[in-house]
Structure formats: structure tokens, C-alpha cells
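Down below is the structure, laid out as C-alpha cells.
The values are calculated or read from the model by the stated rules, or taken from the named source; none is laboratory data. Keep in mind that what you see is a predicted model, and the values were worked out from it rather than measured. No Cβ is skipped: glycine too gets one built from the backbone with ideal geometry, and neighbour counts run over all protein chains shown.
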Amino acid sequence: MRPHSGLIIAAPASGSGKTTITLGLLRAFKRNGISVRGAKSGPDYIDPRFHEAASCMPCFNLDAWAMQPKRIATLAAGDASLIIEGAMGLFDGAPPDGRGSVADLARMLRLPVILVVDAARMAHSIAPLVAGFARHDPDIDVAGVILNKVGSERHERILRLALAPLGLPVLGAIPRRAGIETPSRHLGLVQAQERDDLDAFIERAADLVEQRIDLNALSLLATSLSETDFSRKIAPPAQRIAIAQDRAFAFAYPHILKDWRDAGAEILPFSPLANTALPENDFVFLPGGYPELFAGHLAGASTFLSSLRKHSEAKPVYGECGGYMLLGDSLTDANGTRHAMAGLLRLETSFAKRKLHLGYRQLGATKGPFLGQWNAHEFHYASTISAKGTSLFKARDAETTTLPDMGLTLGNVSGSFAHIIDQA
């Protein structure tokens, strides 16, 4: 791939194999001495860490619903080539009209789309499927196809013959039993930092990609990315910001941390699981993650919790989703065991009965560290047993339907289940 160029890996539906193929491509190009980086369409905070492991380059989210178009263009631009992994199906986005889809991102950046098709249960019917996606929107350039989960050489020949009249290049075919499936849990893939075999897995994916995909042909389809300048960045809430970063709290968006660093703020990572006192700081940020998997450990982290409580007496503390749950009085795990948390908000949450909360949110705050209007995303399975006190955000969904107020604020402590993405 040429410097300053990019393309998008998309699919007709979720579960088609986009992530594994993207990781294989990133590592394969890196092996061949090509500077390449990944990006993830939408609000997913897990896949980007896999991209970083595969390419050894930073990976940002590019969210066509929540982010300003100039921010997207600025994050996409750079010296290294860019491979963007789509989310869901190519035209799937937020209700009611699909805004924020991978197709929207392709239009914004004017990048070609490579369609990954799960062919495991089809033969000649692949032709009308691909033709429909290629012709649905004349502004979307579906430039090539990768066949995934192909059953045999004979199956591949049938698929290629069916697609030939469309004139779209078939860039490769991945066999059905490739042995490179990725384990998942309720929010998506198991986190990159949890996999001891991560590099070996990525190497296997790259081996397969090099054997089964025409990398030269794919490279030639990439198109140039335009340079732009985005000045409307998110101001840091303080000069020294302590951020929880470990297996329990890993869902901080890199573009926000970059904004804060660019403004001169100092980012100070720490681990609640390590049970050490907070570093000297002016603001504590507890991002989302999986505190429910470590609830007993966190409840016993007396040094950390004592330090957090003392800090909150004089300086701000903010929690998102998993971090918000940690700030509450209790968290009940999936087995029904109640664990005492920091006790800084009158909040009790539980995973004993899981319930999905999912969707984009439009937030407005007149109190707390993030004043004004924000685009955000909510994705969790926790149930709120009790939440008492002053709400933090007024909230609407993607269809502008008014929702119950979100989050809590008490003294210097505040938080909510929403992950802030960008200013509205």
C-alpha cells in the first residue's frame, strides 16, 4: 500500500470475519516492510487494541455518527497506510436511517470498500448478494471481494465463476476451517491484553492472509487520504490526569487522550487491580471495562480504595460505565455475590440478571467535569438496582427520543454508563 492511502474492510453482516482478516492484513503488510495502521469504524473499544498489536501502530476509532467529519479526516490522515475495519454490515447504522454506518465513513473519506463475504452456506447466490451491495449506493465504491469460510477448492471455483460477470476482483479466499477463530464475551472479543497467545494468533492470521489473499492487487485498490486540520478538540479536565488502565478498566478512547496530551495535560496510568495508592494528580478518570469479572479483587483493594476516597475529598473523580460502577456502593456479580465498592455515589449495580443497554446517546450537562453537549455511546449488561442523588446528564437516544437522566454526581464525584466520544 502507498503512504497516505487507505481502504475499508466491510461485510454484509456481523460475524463475517472482518476482524481476523484485518489483523492478518495489518501484520502481513508490516512483515513486508510497509508502514500500515488500523482504525475501527464506530464506538467499539476492544478491536482497536488488537489492531495495535498487529501493526505496532496506534489505532483510533472513526465514528461517523458521533464524531465531527473533520476529526475523522484528521485521525485518518497520516504517513502510514490505513486499513479501516468496519462494524456490523456495510449499511448498518443508528436508527432510524442508518446514520453512522461504514458506508457513511466511506463517503466521508472517499475510500474504497473491500467486501468480506461469509460464503460457508452459499454457492451461486453469492452473485446477487455482492451485486446488491455493489450497486446499492453509487457513492460507495465496492472495489473488491474476499471470500471467507470457503469449504473446498471446488466451492471456491463455483463462487468465483458466479462472481465473474460482476467484474469485481475476487482478491482471495479463506478456507472454512482455518483455525483462527477469536474468543468472545458479552461486550465482544476477549480483550487483547488477556490473550497470552495473541501474537501467535496474529501470526497465524498473517500466514493465512499471505497464502490466500492477493496483497498486491489489494494494495493497488487503496486511494489517497486528504490532509485536514481539526481544531475543535476536547479540553483536558485538569493538568495531571490519573487514568485507570488494566484488565478491569481498559476502555478509554485514544482520540480523547490524544486531545488531552496535545493540550499539554499529563496522563498518569495506574492500576486499581494492583492495589496501590493513586499517583499525584488533579483529576481521576476511571474508564469502562470489566469490573464485574474482578469485583472481589477490587472490593479487597483497600489501599487503592482508601486513596481514591481521600482524593475525592478535594479533587474530582469521574467514572464511565465500569468506572461508574466502581464508584458506587456495591456491585453484584453474575453469581449473585454482592461486593462493596468505593461508596462515593449512591449506586448499586448487578450482573445477576443481565440486561443489554445499547445505543448512541446525546448528552447535556450543566454540572460535572464535562459541561455542554456530547455525543456518546452506551453498551453494557449491568442492571441498576438503586441510583439515588443528583443526575449528571440529560439524555436522548439517536432518534432524539428523551431518555431518563443518566449518571450521578455527588460532591467531587460523578459518572454515568455513557462513554463520551465527541462534542456535539
Some residue of region 177-188 being surrounded by fewer than 13 Cβ atoms within 10 Å (Cβ to Cβ), modelled with pLDDT of 95 or more and over 25 Å from the mean Cα position of the chain (by Cα): no
Qualifying residues in region 345-366 (those that are modelled with pLDDT of 95 or more and among the charged types (D, E, K, R)) - the one nearest to the chain's Cα centre (by Cα): Arg361
Selection status of Ile72, buried (at least 18 other Cβ atoms within 10 Å of the Cβ), in the same structural domain as Ala143 (by TED's automatic domain parsing) and either in contact with a Phe, Trp or Tyr (Cβ under 7 Å, 6 or more places away or on another chain) or within 20 Å of Phe251 (Cα to Cα) (or both): yes
Among the residues listed as Asp262, Asp246, the single one being surrounded by fewer than 17 Cβ atoms within 10 Å (Cβ to Cβ) and touching a helix residue (DSSP H, G or I) at 6+ places or on another chain (Cβ under 6 Å): Asp246
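Listed here are the residues, each with its yes/no results for (1) touching a Leu at 6+ places or on another chain (Cβ under 7 Å); (2) more than 27 Å from Pro96 (Cβ to Cβ); (3) in the same structural domain as Gly98 (by TED's automatic domain parsing).
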residue: Leu345; (1), (2), (3): yes, yes, no
residue: Thr349; (1), (2), (3): yes, yes, no
residue: Leu356; (1), (2), (3): no, no, no
residue: Gln362; (1), (2), (3): no, no, no
residue: Ala365; (1), (2), (3): yes, no, no
residue: Gly368; (1), (2), (3): yes, yes, no
residue: His377; (1), (2), (3): no, no, no
residue: Ala387; (1), (2), (3): yes, yes, no
residue: Arg396; (1), (2), (3): yes, no, no
Residue within region 7-17 that is at pLDDT 95 or above, part of a helix (DSSP H, G or I), β-branched (Val, Ile, Thr) and under 16 Å from the mean Cα position of the chain (by Cα) present: no
Subset of region 18-63 that is polar (S, T, N, Q), in contact (Cβ under 8 Å) with a residue 60 or more places away in the chain and part of a helix (DSSP H, G or I) - its residue that is farthest from Arg107 (Cα to Cα): Thr20
Tabulated pairs, region 120-145, first under 18 Å from Arg110 (Cβ atoms) and assigned by TED's automatic domain parsing to the domain that holds Gly17, second modelled with pLDDT of 95 or more and loosely packed, with under 12 Cβ neighbours inside 10 Å, C-beta under 9 angstrom, 6+ apart or interchain: Val142/Arg135
Flag for Ile84 being closer than 30 Å to Asp197 by Cα, at pLDDT 95 or above, in the same structural domain as Val130 (by TED's automatic domain parsing) and surrounded by 24 or more Cβ atoms within 10 Å (Cβ to Cβ): yes
Strands (runs of 3 or more DSSP E) enclosed by region 258-352 - at least 1 residues per element that are in contact with a strand residue (DSSP E or B) (Cβ under 6 Å, 6 or more places away or on another chain) and acidic (Asp, Glu): 266-270, 317-320, 346-350
Set Phe379, Phe370: member being out of contact with any helix residue (DSSP H, G or I) (no Cβ under 7 Å at 6 or more places or on another chain) and outside any strand (DSSP E or B): Phe370
